[in-house]
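One structure is given here, and the rest of the page talks about it.
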Number of protein chains: 4
Amino acid sequence: MYKVGIVGGTGYTGVELMRLLAVHPQARLTVITSRGNAGMPVAEMFPSLRGVLDLTFTDPDIEQLAECDVVFFATPHGTAMQSVPELLDRGVKVIDLGPDFRLKDAEEWSRWYKQEHACPELLEEAVYGLPELNREAIRGARLVANPGCYPTCTLLAVMPLLERGLIDTKQLVVDAKSGVSGAGRQAQVRTLLCEAGENFSVYGLPGHRHHPEISQQFRQIAGQSVGLVFVPHLLPMIRGMEATVYAGLVHGDVDLQALFEQRYAGEPFVDVLPAGALPDTKSVRGTNLCRLAVHRSGDTVIVLSVIDNLTKGASGQAIQNMNLMLGLEETLALQSPAVLP
Amino acid sequence: MYKVGIVGGTGYTGVELMRLLAVHPQARLTVITSRGNAGMPVAEMFPSLRGVLDLTFTDPDIEQLAECDVVFFATPHGTAMQSVPELLDRGVKVIDLGPDFRLKDAEEWSRWYKQEHACPELLEEAVYGLPELNREAIRGARLVANPGCYPTCTLLAVMPLLERGLIDTKQLVVDAKSGVSGAGRQAQVRTLLCEAGENFSVYGLPGHRHHPEISQQFRQIAGQSVGLVFVPHLLPMIRGMEATVYAGLVHGDVDLQALFEQRYAGEPFVDVLPAGALPDTKSVRGTNLCRLAVHRSGDTVIVLSVIDNLTKGASGQAIQNMNLMLGLEETLALQSPAVLP
Amino acid sequence: MYKVGIVGGTGYTGVELMRLLAVHPQARLTVITSRGNAGMPVAEMFPSLRGVLDLTFTDPDIEQLAECDVVFFATPHGTAMQSVPELLDRGVKVIDLGPDFRLKDAEEWSRWYKQEHACPELLEEAVYGLPELNREAIRGARLVANPGCYPTCTLLAVMPLLERGLIDTKQLVVDAKSGVSGAGRQAQVRTLLCEAGENFSVYGLPGHRHHPEISQQFRQIAGQSVGLVFVPHLLPMIRGMEATVYAGLVHGDVDLQALFEQRYAGEPFVDVLPAGALPDTKSVRGTNLCRLAVHRSGDTVIVLSVIDNLTKGASGQAIQNMNLMLGLEETLALQSPAVLP
Amino acid sequence: MYKVGIVGGTGYTGVELMRLLAVHPQARLTVITSRGNAGMPVAEMFPSLRGVLDLTFTDPDIEQLAECDVVFFATPHGTAMQSVPELLDRGVKVIDLGPDFRLKDAEEWSRWYKQEHACPELLEEAVYGLPELNREAIRGARLVANPGCYPTCTLLAVMPLLERGLIDTKQLVVDAKSGVSGAGRQAQVRTLLCEAGENFSVYGLPGHRHHPEISQQFRQIAGQSVGLVFVPHLLPMIRGMEATVYAGLVHGDVDLQALFEQRYAGEPFVDVLPAGALPDTKSVRGTNLCRLAVHRSGDTVIVLSVIDNLTKGASGQAIQNMNLMLGLEETLALQSPAVLP
């Protein structure tokens, strides 16, 4: 049994990690920290874990965390980077679900997060944890930057096209929609049921923090800058994310369906739907799956991509990365089908 | 045109008052206060009022409020009682949507609200603003205590039975359910869409603050104490409240349907459904209506009562009271049918 | 008082017409037909109309309808065109909320609706009922084709740009999202709460019936064909529609905010938000408003447009058209602000 | 591996059985029937099962079903009773999720279901499949009548009190609330998102079919008739059920908390909350758990009981029964914690 720690366990990605670890046959959660709730049993905050997880939140303590094989950071930006260097030094593998290690350029990171980066020297080493892109590097990594939800949903939709140079890189439109859980478990007016329920809105214009993360990966895949127009919207529901991607085809006579099927053949968590099918978020809720469909309208290719923002978009992908880093079967703890309806 | 002020206009009862006043032909909102948001245009906080209401939140100022004919307090407990005496002295009529003047007994008030009452001498004068019970007194009142949402929903269901001595007063069960807007517009975790959505829970046990308010009115109507078991629940929706009342009949051979129809004949905002019908909250959403149905199972009478907690349960009833206090047509501004679906 | 009839009153656009007519000071609903429910009181099907509307569904009868000043058709495609010629002959003004008279080309209509058009000679005369585009023609019309919800939401977003030739007409992306009420009140599995709730999906690919309607209007405004990519999505909520429009700017140095404000200055039902603001559907729910915001990302203009699909997207706009056709104040019955929250 | 069949697999209890069987280590689904959808791959109807279940719906065929070790009927009333006798004769164990074998009295069954019972001789043998009541009998059973959702939720709340003779059997009030999935996957207007969303209503008065089922079990436990007032309500959400039970205590000085904890000590799927706690449905969603809390108001005991209507209220309990009938570990396939939020 591998020992696992979670720093910052009171948010939605934290409780999702716990749900998945609860059924993991080879990993056991041994430490869970929360500055604000030290001393409270986890099951008191999350009654869904009564009888499942007999742990108590503790104050973050580097000695305790250092005894883990893997530590997840489920913390806001700026937290992980304070502790990661020491944990790595002590031989702990780290997966950061926050954004501290996603951007390669420390200055760009500072511009978006309005503070200096505490350990820019680790940015190059950190592996961007999208297994469909970087599986081998993840296997050997000490430090994985778990991708954001929008980037995961978008990259899986665009990678096959970009890798083959099939689309116009001058302008690519990503119209993305997320369930409210993406905004976290903080008390705030705009995510109250009375505000976000029965409502649909745009947010994050002019610039969402996932924009540079997507752009960086696009650039790396395409070998050049890609003109990205990214507009996120807020859905009146709890879990689920969809991206509708519009790109101009530069090579008209390509079998897009075959391209996507081949690119993702063998991928355990990417499901290319049959030609003509249309995905919905419900079919992936609570699962680590991305379902994709590729359509075409004239010279525009339209890719539809759905994930659960908390699972493949965060904690499920983090477990997938942990499995890879520990040399385990990649799909462990990630195989339950979606709860339907 | 009568001049109207609102103290504490940033919550859901505040914006509901504004919505209704916007179509009132004889009253005009001239002052709206908010300590935290003074200087902000109302339409900036509530875009639904863009083009409808050209007012700015101001700090509460007694001089400004004193120029109004009527002032509504849409404030948490303990606020209205600080300013009401002076406003009354200066000839302003006051309607308090909070609980400061609902209980007649200052000591009981203190027990529930954990503070001394600032003007216990006004408790006797304050008229409990349920027009179906106290219409004439409201017409002549300077100070109206607008009933709570649960009490309104419950009293209208029980009054006909209690007034006629038809039910066992030893034990009366009120199983009540409210939409989340009843919890207000404060940022808090339990009313986030992710927490309250797709969820149903009990709250307020062992004792909800509306319990003594209902009991007091029961006692007054019945002329004796009534054993009330009151259990509130939280519904995964925005607006709407239902109470299912269970009472033991002490006189078996009464035509309950006729009783309810006669009791509420001529009432503009109480609709007794035909025998056998079942009400739903959607049919009263955004309206000042209470819909009632009376059923029977053996010796138990079951009364089903639905209101919109923010309209008949708060701001709509407050406007109804204002209309009565000003000698206007009782239904002004309250006649739009529910938006369906 | 003008006399009004509705053919096909049991769907959501029918009950929305009734809600609005209930508060109309100069029009009175006198006939409402339903083949399947003749004899049933309207308020029995729609309890929200109890005490508001004392009418009974009748079988469609041309004699009865001919006594009306205006008749609305709230029927599926293929119904209105059977009766409209005779009603026009008898001097009745007609507003069709269905698609029978929206396309000018009878062959195109037949391709999309898989049947012959019954009165192609009326297609030219029928006025496309978007007041912001055709106000004067509507004033003089006998027959108005009320626009679809997606076309209304899209056209108001794009018109100012297209009229001025500011955008690339080769490709324009409209990513549109609609509440479930757009799918109507028919019993079907995909719109059950258990299917459409907590879910988000794409539909209508490869071709939605509103596509040719939007394209036709674009062509007319631009004087040339416009390459439209239109992808509709289904939102897990009842009312509300949003379109996010992406267009390439061909003239870079234009003040888009000023353009939109000038274009819609004086329009009672189009509200251009201040620069930088972002609209949500809740602020227009139940109202006849379209709220617009215009943003820019490089050479791409992004227009955000929200309406209530049943009001400005159907029945509210139909009442607006009726007001114009009868020479009444355009805003009658359409001035209540949105119910919030 | 045991072979499992499902008759009638296109409803919500069918797909829930499939979800749970997909992770069952010792049972494999080999046959799934549907008269209307024979020939369609299961994963086409339920995309959540793509890659999980490679089966196709077939017409019901007794030969094929007879090869199974266990057959579940997830069918409306009147279907199972036609085939069960033959399956039993051929040595197949049967679990009926419908109501055909829940009532012991064939005449009572006929009154509620308006048809003759096809095999009344099996009613006595059929074991009522509530493991917390009949575990040993279930272990030895050929035929299990899986309880209804309301009866499961209610019986677990009341059993400890009734078994000990602590409550007044003259009148017991059960105010129950169910998510919409309890109404099934049939196309019908009242369960559309537009009708059932943002709405709360009572239904099933004067008599719901689960009433006689609860009464029968009460009578058996108490040894006498119990006066049951049962009022079901419809919640605007997908999954989840709550019952608030009100009963008069006849012995005042009992430690209710201890009573419940002792009664359910060792039960894997009943979780008695700590004194003072309040359950919510979200904490049991998708799980086989019943969470209970017991409160007191004067002489009235209030028991709060929550389950997932499709899991402990139907398919989860059916799997639990299967595990018992096959001599397997009772909790197999039923141990994943709830998906939260």
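Odds and ends about this structure:
- Condition met for residue A:253 (in the same structural domain as residue A:175 (by TED's automatic domain parsing) and in contact with a helix residue (DSSP H, G or I) (Cβ under 9 Å, 6 or more places away or on another chain)): no
- Here residue A:156 passes the criteria (1) more than 22 Å from residue C:283 (Cα to Cα); (2) within 12 Å of another protein chain (Cβ to nearest Cβ); (3) at pLDDT 95 or above except the one numbered (2).
- Hey, residue D:333 away from chain B (no Cβ under 11 Å), at pLDDT 95 or above and either in a loop (DSSP other than H, G, I, E, B) or out of contact with any Gly (no Cβ under 7 Å at 6 or more places or on another chain) (or both) or not: yes
- Residue ID - modelled with the lowest pLDDT, chosen from residues in the stretch D:159-179 that are more than 21 Å from residue D:134 (Cβ to Cβ) and of a type in the set (Lys, Arg): D:170
- Conditions (1) of a type outside the set (Asp, Glu); (2) in a helix (DSSP H, G or I); (3) within 14 Å of chain D (Cβ to nearest Cβ); (4) under 21 Å from the mean Cα position of the chain (by Cα); number of the one not met by residue B:217: (3)
- Count of residues meeting criterion [within 26 Å of residue C:193 (Cα to Cα), of a type outside the set (Asp, Glu) and within 9 Å of another protein chain (Cβ to nearest Cβ)] in the stretch A:165-177: 1
- Taking the criterion of being at pLDDT 95 or above and either within 14 Å of chain B (Cβ to nearest Cβ) or in contact with a His (Cβ under 7 Å, 6 or more places away or on another chain) (or both), the residues of the stretch D:297-312 that qualify are D:300, D:301, D:302, D:303, D:304, D:305, D:306, D:307, D:308, D:309, D:310.
- Any chance residue A:29 is closer than 20 Å to residue A:330 by Cα and either within 24 Å of the chain's Cα centre (by Cα) or in contact (Cβ under 8 Å) with a residue 60 or more places away in the chain (or both): yes
- Residue within the stretch B:198-212 that is out of contact with any Phe, Trp or Tyr (no Cβ under 7 Å at 6 or more places or on another chain) and basic (Lys, Arg) present: no
- Within the option set B:156, B:166, B:192, B:172, being of a type in the set (A, V, I, L, M) and surrounded by fewer than 19 Cβ atoms within 10 Å (Cβ to Cβ) holds for one residue only, B:166.
- When B:267, B:261 are checked against the criterion of being assigned to a loop (DSSP other than H, G, I, E, B) and either more than 16 Å from the chain's Cα centre (by Cα) or closer than 30 Å to residue B:70 by Cβ (or both), a single residue qualifies: B:267.
- Summed over the stretch D:148-173, the residues that are over 24 Å from residue B:172 (Cβ atoms) and either of a type in the set (Lys, Arg) or part of a loop (DSSP other than H, G, I, E, B) (or both) give a count of 3.
- Residues that are more than 7 Å from every other protein chain (Cβ to nearest Cβ), without any contact (Cβ under 8 Å) to a residue 40 or more places away in the chain and assigned to a helix (DSSP H, G or I), drawn from the stretch C:191-214: C:211
- Contact annotation: residue pairs with Cβ atoms under 7 Å, 6 or more positions apart or on different chains, pairing a residue in the stretch A:8-24 that is more than 7 Å from every other protein chain (Cβ to nearest Cβ) with a partner that is of a type in the set (Val, Ile, Thr) and assigned to a loop (DSSP other than H, G, I, E, B), are A:8/A:75; A:8/A:79.
- Residue satisfying condition, being within 19 Å of residue D:205 (Cβ to Cβ), touching a helix residue (DSSP H, G or I) at 6+ places or on another chain (Cβ under 7 Å) and basic (Lys, Arg), within set B:263, B:296: B:296
- Residue in the stretch A:307-319 that is surrounded by fewer than 24 Cβ atoms within 10 Å (Cβ to Cβ) and either touching a strand residue (DSSP E or B) at 6+ places or on another chain (Cβ under 7 Å) or in contact (Cβ under 8 Å) with a residue 60 or more places away in the chain (or both) present: no
- Scan of the stretch B:115-147 for residues that are of a type outside the set (A, V, I, L, M), in contact (Cβ under 8 Å) with a residue 12 or more places away in the chain and in a helix (DSSP H, G or I), ordered by number: B:120, B:131, B:132, B:135, B:139
- Among (1) touching a residue at least 60 places away in the same chain (Cβ under 8 Å); (2) facing another protein chain (nearest Cβ under 7 Å) - the single one residue C:231 does not satisfy: (1)
- Restricting the stretch A:178-190 to residues that are within 10 Å of chain C (Cβ to nearest Cβ) and not in a loop (DSSP other than H, G, I, E, B), the residue that is farthest from residue B:239 (Cα to Cα): A:178
- Pair list, Cβ < 6 Å and 6+ apart or interchain, from the stretch D:279-306 residues that are farther than 25 Å from residue D:16 by Cα to residues that are of a type in the set (A, V, I, L, M) and at pLDDT below 95: D:295/B:205
- Residues that are at pLDDT 95 or above and surrounded by fewer than 17 Cβ atoms within 10 Å (Cβ to Cβ) were ranked within the stretch D:251-265; the one that is nearest to the other protein chains (Cβ to nearest Cβ) is D:265.
- Of all the criteria given as (1) under 24 Å from residue C:288 (Cα atoms); (2) within 14 Å of another protein chain (Cβ to nearest Cβ), the one not satisfied by residue C:40 is (1).
- Of all residues in the stretch A:232-248, one or more are in a strand (DSSP E or B), over 25 Å from residue A:324 (Cβ atoms), among the aromatic types (Phe, Trp, Tyr) and not assigned by TED's automatic domain parsing to the domain that holds residue A:14.
- Which listed residue is outside any loop (DSSP other than H, G, I, E, B), in contact with a Pro (Cβ under 6 Å, 6 or more places away or on another chain) and under 27 Å from residue B:193 (Cβ atoms), from B:283, B:315: B:283
The values are calculated or read from the model by the stated rules, or taken from the named source; none is laboratory data. Keep in mind it's a predicted model, so treat the numbers as computed, not measured. FYI the Cβ positions are ideal-geometry reconstructions off the backbone, even for glycines, and counts take in every protein chain you see.
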